[in-house]
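Trainee: Below is a structure I'd like to ask you about.
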Amino acid sequence: MTDSAVFGIAAQVFVRDASLIDPSPWPASPSGVILRSGGSALQGVWGSAGGGQLWWVEFDEPQHNSSGDGPFATAQVHEKFLELAPAFEGDPGADAQ
């Protein structure tokens, strides 16, 4: 999911499965906002690629993980599970009139 994505603080994201054989630890595919960097995942093994970046995500609604624990308002999420939300293309001044 991260081939062309550039994540950063305040990015709106969806948490998705990395692949059919690498499911997300957040099965409800939640959306949220990146709060800060979570550091490197080099200490763990993350699928066949290994390593990568972790991000702290604040979910739009509290979530339960794939183990049934929770609800969690925030969590560290590996970037391989993140997908940038599409940019808003509406007229930001339309409601001001």
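Trainee: Can you say whether residue 41 is more than 16 Å from residue 72 (Cα to Cα), surrounded by fewer than 13 Cβ atoms within 10 Å (Cβ to Cβ) and either modelled with pLDDT under 95 or among the basic types (Lys, Arg) (or both), as far as the supplied structure shows?
Mentor: When the stated conditions are applied, residue 41 does not pass them.
Trainee: Right, next: Could you run through the range 7-37 and say how many residues are of a type in the set (Lys, Arg) and under 18 Å from residue 67 (Cα atoms)? First the steps, then the outcome.
Mentor: From the range 7-37, those of a type in the set (Lys, Arg) are 16, 36; that's our starting set.
Narrowing the set further to residues that are under 18 Å from residue 67 (Cα atoms) leaves 16.
The number of residues fulfilling the criteria is 1.
Trainee: If you scan the range 60-83, which residues turn out to be surrounded by fewer than 16 Cβ atoms within 10 Å (Cβ to Cβ) and of a type in the set (Gly, Ala, Ser)?
Mentor: 66, 67, 68, 70, 73
Trainee: Hey, among the residues in the range 1-38 that are loosely packed, with under 13 Cβ neighbours inside 10 Å and of a type in the set (A, V, I, L, M, F, W, C), which one's modelled with the lowest pLDDT?
Mentor: 5
Trainee: Go through the range 60-87 and count every residue that is within 14 Å of the chain's Cα centre (by Cα), among the small types (Gly, Ala, Ser) and not in a strand (DSSP E or B).
Mentor: Going through the range 60-87 one residue at a time, the tally reaches 1.
The values are calculated or read from the model by the stated rules, or taken from the named source; none is laboratory data. Note that the structure is predicted; figures quoted are calculated from it, not measured. So basically every Cβ, Gly included, is an ideal-geometry build from the backbone, and we count neighbours across all protein chains shown.
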